[in-house]
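What follows is a single structure, written as structure tokens, with notes after it.
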Amino acid sequence: MNSLSTLAFILINLGCLSAFVGLLIKDEVKMRLALMIGAVLFLVGYLDSSPTLEPYGTGWAALFALLNLVFFIKLNMANSTAKFTQREKFLYSAFRGMEPDEFKELLAITQWHEATEHVKLTSEDQVCTNLYYVLQGKIEVSKDESMFTLNSNTFIGEVGYFLRSGASATTIVEKGALYVSWKAKELRELEANVPGFRATIYELLNKDMALKVAASMR
């Protein structure tokens with residue numbers, strides 16, 4: 001059997017190294033890319049070494065490269081925001097840290113609202129079955145006989161959602177406000193069924209509550 005050429009030796013070993021590194025990567029898109037590159041390098045090395053190595057090896061290498069290419073394309077399509085509408089992109093921009101595939105799962109249970117009059121979202125100490133996010137418009141808040149106004153780009157009902165208890169305040173959005181809502185039950189189903197969603201949504205809610213606390217102390 002003839003020895004491998006220097007180029008074939010380098011390509012085959014680089015291919016194996018790329019595949020090995022790919023298996024250590026947690027991000028599936030990057031993992032698939034590394035595996036695809038490894039398979040292509042391995043394939044080219046096989047072709048360069050012919051007839052040193054049996055030709056059936058090229059078939060397997062080509063199959064692995066094609067399989068990882070298909071998964072790489074599918075994952076990139078799942079992580080793309082290109083098909084989002086303008087208002088969906090507007091909402092997504094407020095949800096920094098959420099992956100596009102997670103956000104698409106969230107969009108499937110999102111209800112959009114445009115207030116044609118003042119709308120009460122929550123009542124103090126009463127159980128709220130929804131979580132809200134206000135994208136545009138002012139929010140009037142009353143709590144323990146005190147009243148204040150919140151700007152848009154904020155969650156409403158997050159305390160009740162966290163604690164599964166009554167709302168911490170009464171909130172009313174002004175006429176013309178744009179907001180979205182999610183049923184708490186459906187959100188918790190996403191938490192259970194979509195990997196990483198619970199950590200992401202809790203991080204967003206925690207940040208929102210921290211900003212509200214900081215604003216109230218000014």
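A few remarks follow.
- Stokes-Einstein, applied to the Kirkwood radius of region 119-202 over Cα pairs at a viscosity of 1.306 mPa s and 10 °C, places its translational diffusion at 120 µm² s⁻¹.
- Fully extending the segment from K143 to H113 would add 8.4 nm, taking 0.36 nm per residue of separation and subtracting the current Cα-Cα distance.
- Whole-percent carbon and sulfur share, accessible surface of region 70-202, 1.4 Å: 50 percent
- Applying both filters, DSSP loop and at most 10 other Cβ atoms within 10 Å, to the GluC sites (Glu not before Pro) of region 130-216 gives E145.
- Between region 148-177 and region 101-116, the alpha-carbon center distance in angstrom: 17 Å
- Area of M36 that stays accessible when all protein chains are in place (1.4 Å probe, Å², to 10): 30 Å²
- Coupling constants for region 164-177 follow from the phi torsions by the Karplus curve (6.51 cos²θ - 1.76 cosθ + 1.60, θ = phi - 60°), and in residue order they are 6, 10, x, 5, 7, 7, 8, 10, 9, 8, 6, 4, x, 5 Hz; glycine and proline get x.
- In region 164-195, trypsin sites (Lys or Arg not before Pro) in a DSSP loop with at most 16 other beta-carbon atoms within 10 Å: R164, K175
- For T154, residues with placed amide H under 5 Å, excluding near neighbours: V134
- Spacing of the two label points (7 Å from each Cα toward its C-beta) at N193 and T6, in nm: 5.8 nm
- Lysines with Cα under 24 Å of K104, excluding same-chain neighbours fewer than 8 positions away: K26, K30, K74, K83, K89, K183, K185, K207
The values are calculated or read from the model by the stated rules, or taken from the named source; none is laboratory data. Quick caveat: nothing in here was measured; it's all calculated off a predicted structure. Heads up, the Cβs are rebuilt from the backbone with ideal geometry, glycines too, and the neighbour counts pull from every protein chain shown. Each accessible area value is taken on the protein alone, full model and side chains, heavy atoms only, with ligands, DNA and RNA left out. Shrake-Rupley method; radii C 1.70, N 1.55, O 1.52, S 1.80 Å.
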